[in-house]
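*Asks:* Take this structure first; my questions come after.
The values are calculated or read from the model by the stated rules, or taken from the named source; none is laboratory data. The structure presented is a predicted model; accordingly, all values stated were derived computationally and were not measured. Quick reminder, even Gly has a Cβ in these numbers, built from the backbone with ideal geometry, and neighbours come from all protein chains shown.
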Amino acid sequence: MMNIINRPFFLPFIAFSLILAVWEILARYSGWSIHVFPGPMQVFISLWELIANGTLLRHTVASLFRVTVGFYLAILLGIPLGILLGRLKLVRVFLNPVIQFLRPISPLAWIPLSMLWFGIGDKPAVFLIFLASFFPLVVSTTVAVQSINPVYFHVAANFNFTRYEVVTKIVIPGMLPSVITALRITITIAWLVVVAAEMIAVKSGLGYLILDSRNALTMDYVMDGMIVIGVIGLLLDHAMMRLSRIESVFWGTRSR
Amino acid sequence: MGHIVIKNLRKEYIDRRHKRRSKDEPNECIGDCVLVLDNINLEFCEGEMVTILGPSGCGKSTLLRIIAGFDKPTAGSVVINGETLTGPSSDHIFVFQHNALLPWMTVQENVALGLRGMEDKEMMKEQIQEHIELVELEGFENHYPYQLSGGMQRRAELARALAVNPDTLFMDEPFTGLDFLAHMKMREEVVNMHEYFEKTILVVTHDIDDALIMGDRIVVLSGRPAHVKLSEKLDFPRPRSFVKNTELSKLRDEVYLMLGVNYAV
Ligand SMILES: Nc1ncnc2c1ncn2[C@@H]1O[C@H](COP(=O)(O)OP(=O)(O)OP(=O)(O)O)[C@@H](O)[C@H]1O
Ligand SMILES: [Mg+2]
């Protein structure tokens with residue numbers, strides 16, 4: 001018995017089955033019409049339809065594309081900026097107040113401006129995802145760099161490291177465990193934001209699928225969209241988590 | 001190389017949360033500052049192994065950090081080979097009191113830190129291996145520090161320091177965390193290495209026996225604020241033994257007394 005319980009997928013499987021069961025019961029006995037609250041069977045059949053006719057793939061690819069571009073842009077600009085902020089007091093004093101001011105402004109509050117600036121299409125959505133990931137990445141990179149044990153910088157000075165070596169051999173490996181955790185959290189935020197952005201600024205993507213299906217009163221398609229968003233969110237998180245298993249990063253999960 | 005002169009060295013830590021300082025007497029320590037080193041004057045000869053003793057918290061690590069260039073003195077100066085010290089360099093390698101192996105590098109990569117500049121990669125590999133074997137860590141070349149025991153980490157750090165072949169070596173309690181046998185072995189290794197390479201070595205320790213067995217010179221600091229209580233040349237033949245050498249054992253009693261312990265309980 002213990003053997004089965006200890007299998008990695010056993011307990012989650014039970015949890016998901018329970019949800020399905022509750023869902024089925026609610027759909028049957030809640031008294032809502034099937035158009036308002038479709039049951040699992042109906043949703044899975046329509047999911048299959050969407051997969052078969054390629055609609056789902058198209059929207060998923062569109063969403064993933066936007067998240068990827070926005071997220072990579074945020075990494076490309078945010079992490080180097082975070083390193084600068086963490087290492088150079090002058091830069092920190094100069095920029096930190098501005099960042100702390102912009103950071104609490106929800107990316108959704110940027111929707112009107114981004115549509116005005118970038119029109120309709122991929123660009124405003126990418127911009128919103130960039131904003132949503134950029135600030136958390138900058139802040140967590142800064143904190144990660146600042147909390148590197150100062151002894152390692154003494155060692156670097158002792159062994160005559162160049163500035164470049166200090167960055168590649170101390171700062172980057174030292175901050176990596178925390179930054180990977182930050183990436184995990186940030187990709188989740190980016191994935192949340194893309195759906196919201198697609199409900200307003202574009203005519204494709206999973207967010208658009210949900211909104212469009214609601215307008216067409218096909219709630220089973222709405223639920224399909226939600227399921228796919230959940231599954232992809234799970235996969236993204238898993239992919240990020242695997243990064244922390246890289247051997248030279250693994251120390252962070254052990255020695256602290 | 002490695003002649004060190006310390007002149008009127010003074011170090012105080014100021015509590016930055018409430019910084020107060022008298023305008024008239026900038027050297028006077030008032031309010032919330034801790035005077036750690038008080039007017040230290042010392043001279044170490046080239047190739048000398050100096051052991052520094054003192055009660056816990058007296059400022060031994062602070063003194064060593066200043067000599068190595070990691071910390072700035074409040075007043076006074078450190079002159080190494082005729083040049084006033086400006087900052088850390090790989091001429092003076094420091095073995096830190098707390099673990100300073102880079103945790104994201106394997107033992108091999110850590111030991112290689114001081115050999116990065118070598119042209120001949122084959123030779124570099126050989127030297128790395130040689131030093132890993134010196135501290136008996138063969139088989140652990142590709143292990144990360146978290147996979148080693150505390151004592152093994154200390155040994156890896158020693159190997160890393162020795163591989164640089166520096167002019168001077170600073171060791172802050174290098175044997176803490178080693179078991180008795182490893183302690184004896186490493187001590188012997190350091191002494192042998194010193195006899196062989198004749199480097200200037202500064203060893204901070206709280207172990208009186210270590211200090212007397214290893215040192216060419218022993219320095220005893222008082223409790224905080226630290227001043228020099230004793231700086232004496234140890235002209236005893238090696239290998240040293242407290243049993244065979246009564247003078248050495250007499251000196252040990254004196255040092256114990258100096259540190260406030262009546263040895264002959
Ligand atoms: N960064 C700091 N800020 C303020 N005070 C400090 C700082 N570092 C050390 N001190 C003070 O300096 C004193 C000496 O510290 P140090 O680490 O040099 O002691 P030590 O002789 O090496 O002790 P131990 O044998 O326990 O290692 C301590 O009492 C401590 O209060
Ligand atoms: Mg100390």
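*Asks:* If a residue must be within 13 Å of ligand 1 (Cβ to nearest atom) and either under 12 Å from B:ASN8 (Cβ atoms) or crowded, with 17+ Cβ neighbours inside 10 Å (or both), how many such residues does the stretch B:35-54 contain?
*Replies:* The total comes to 7.
The rows are residues; the columns are (1) hydrophobic (A, V, I, L, M, F, W, C); (2) surrounded by 13 or more Cβ atoms within 10 Å (Cβ to Cβ).
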residue: A:PRO8; (1), (2): no, no
residue: A:PHE16; (1), (2): yes, no
residue: A:VAL36; (1), (2): yes, no
residue: A:THR55; (1), (2): no, yes
residue: A:PHE65; (1), (2): yes, yes
residue: A:PHE71; (1), (2): yes, yes
residue: A:ALA74; (1), (2): yes, yes
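*Asks:* Kindly provide the set of residues from the stretch B:84-97 that are facing chain A (nearest Cβ under 7 Å) and within 16 Å of ligand 2 (Cβ to nearest atom), ordered by number.
*Replies:* Scanning the stretch B:84-97 gives B:PHE94, B:PHE96.
*Asks:* Still on this structure, I have one more. Identify all residues within the stretch B:84-116 that are closer than 25 Å to B:GLU48 by Cα, of a type in the set (S, T, N, Q) and within 16 Å of ligand 1 (Cβ to nearest atom); write none if there are none.
*Replies:* Once the filter is applied, which keeps residues that are closer than 25 Å to B:GLU48 by Cα, of a type in the set (S, T, N, Q) and within 16 Å of ligand 1 (Cβ to nearest atom), the stretch B:84-116 yields only B:GLN97.
*Asks:* Among the listed residues A:VAL98, A:VAL91, A:VAL61, which satisfies the condition of being under 30 Å from A:VAL222 (Cβ atoms) and assigned to a helix (DSSP H, G or I)?
*Replies:* Within the list A:VAL98, A:VAL91, A:VAL61, the selection yields A:VAL61.
*Asks:* Which one of B:LEU221, B:LEU251, B:LEU259 is within 20 Å of B:LEU169 (Cβ to Cβ) and either surrounded by 16 or more Cβ atoms within 10 Å (Cβ to Cβ) or at pLDDT below 90 (or both)?
*Replies:* It is B:LEU221.
*Asks:* For A:GLY225, indicate whether it is modelled with pLDDT under 95 and on the phi > 0 side of the Ramachandran plot.
*Replies:* no
*Asks:* Also, quick follow-up: What number of residues in the stretch B:56-83 are within 15 Å of ligand 1 (Cβ to nearest atom), more than 11 Å from the chain's Cα centre (by Cα) and away from every other protein chain (no Cβ under 14 Å)?
*Replies:* 6
*Asks:* Looking at (1) touching a residue at least 60 places away in the same chain (Cβ under 8 Å); (2) more than 30 Å from A:PHE153 (Cβ to Cβ); (3) among the basic types (Lys, Arg), which is the only condition A:ARG7 fails?
*Replies:* (1)
*Asks:* For the stretch B:105-123, does any single residue satisfy the condition of being within 16 Å of ligand 2 (Cβ to nearest atom), surrounded by fewer than 20 Cβ atoms within 10 Å (Cβ to Cβ) and either hydroxyl-bearing (Ser, Thr, Tyr) or within 22 Å of the chain's Cα centre (by Cα) (or both)?
*Replies:* Looking through the stretch B:105-123, none of the residues is within 16 Å of ligand 2 (Cβ to nearest atom), surrounded by fewer than 20 Cβ atoms within 10 Å (Cβ to Cβ) and either hydroxyl-bearing (Ser, Thr, Tyr) or within 22 Å of the chain's Cα centre (by Cα) (or both).
*Asks:* For the stretch B:136-191, give me each residue that is within 16 Å of ligand 2 (Cβ to nearest atom), surrounded by fewer than 20 Cβ atoms within 10 Å (Cβ to Cβ) and within 13 Å of chain A (Cβ to nearest Cβ).
*Replies:* Residues satisfying the conditions do not exist here.
*Asks:* Please go through the stretch A:121-167 and give me each residue that is under 21 Å from B:VAL164 (Cα atoms) and β-branched (Val, Ile, Thr), ordered by number.
*Replies:* Once the filter is applied, which keeps residues that are under 21 Å from B:VAL164 (Cα atoms) and β-branched (Val, Ile, Thr), the stretch A:121-167 yields A:VAL151, A:VAL155, A:THR162, A:VAL166.
Every residue, every condition in (1) surrounded by fewer than 15 Cβ atoms within 10 Å (Cβ to Cβ); (2) touching a residue at least 60 places away in the same chain (Cβ under 8 Å); (3) of a type in the set (D, E, K, R), yes or no:
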| site | (1), (2), (3) |
| --- | --- |
| A:PRO150 | yes, no, no |
| A:SER178 | no, yes, no |
| A:VAL193 | no, yes, no |
| A:GLU198 | no, yes, yes |
| A:ALA201 | no, yes, no |
| A:LEU217 | yes, yes, no |
| A:VAL228 | no, yes, no |
| A:LEU235 | yes, no, no |
| A:TRP251 | no, yes, no |
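*Asks:* Are there any pairs, at least 6 apart or on different chains, whose C-beta atoms fall under 7 Å, with the first in the stretch A:10-21 and modelled with pLDDT under 90 and the second exposed (fewer than 11 other Cβ atoms within 10 Å of the Cβ), and if so, which?
*Replies:* Going by the 7 Å Cβ cut-off, the qualifying pairs are A:PHE10/A:ILE4; A:LEU11/A:ILE5.
*Asks:* If you scan the stretch B:203-238, which residues turn out to be under 28 Å from B:CYS33 (Cα atoms) and of a type in the set (Gly, Ala, Ser)?
*Replies:* At the first step, the residues of the stretch B:203-238 found to be under 28 Å from B:CYS33 (Cα atoms) are B:203-206, B:219-231.
B:SER222, B:GLY223, B:ALA226, B:SER231 - these are the residues of the stretch B:203-238 that are under 28 Å from B:CYS33 (Cα atoms) and of a type in the set (Gly, Ala, Ser).
*Asks:* Between A:ILE34, A:ILE75, A:ILE45, which is within 14 Å of A:MET219 (Cα to Cα) and either at pLDDT 95 or above or in a loop (DSSP other than H, G, I, E, B) (or both)?
*Replies:* Answer to the selection: A:ILE34.
*Asks:* When you scan the stretch B:182-202, do you find a residue that is within 16 Å of ligand 1 (Cβ to nearest atom) and in contact (Cβ under 8 Å) with a residue 24 or more places away in the chain, even just one?
*Replies:* Yes, the stretch B:182-202 has at least one match.
*Asks:* Now, a different point. May I ask you to list the residues in the stretch A:46-78 that are without any contact (Cβ under 8 Å) to a residue 24 or more places away in the chain and over 30 Å from A:THR142 (Cβ atoms)?
*Replies:* Correct list: A:TRP48, A:GLU49, A:ILE51, A:ALA52, A:ASN53, A:GLY54, A:LEU57, A:VAL61.
*Asks:* Does A:ILE246 qualify as being closer than 21 Å to B:MET105 by Cα and free of Cβ contacts under 8 Å to residues at least 24 places away in the same chain?
*Replies:* Answer is yes for this residue.
*Asks:* Please indicate, with yes or no, whether at least one residue in the stretch A:43-59 is over 17 Å from A:GLY205 (Cα atoms) and touching a Ser or Thr at 6+ places or on another chain (Cβ under 6 Å).
*Replies:* No; the residues of the stretch A:43-59 include none that is over 17 Å from A:GLY205 (Cα atoms) and touching a Ser or Thr at 6+ places or on another chain (Cβ under 6 Å).
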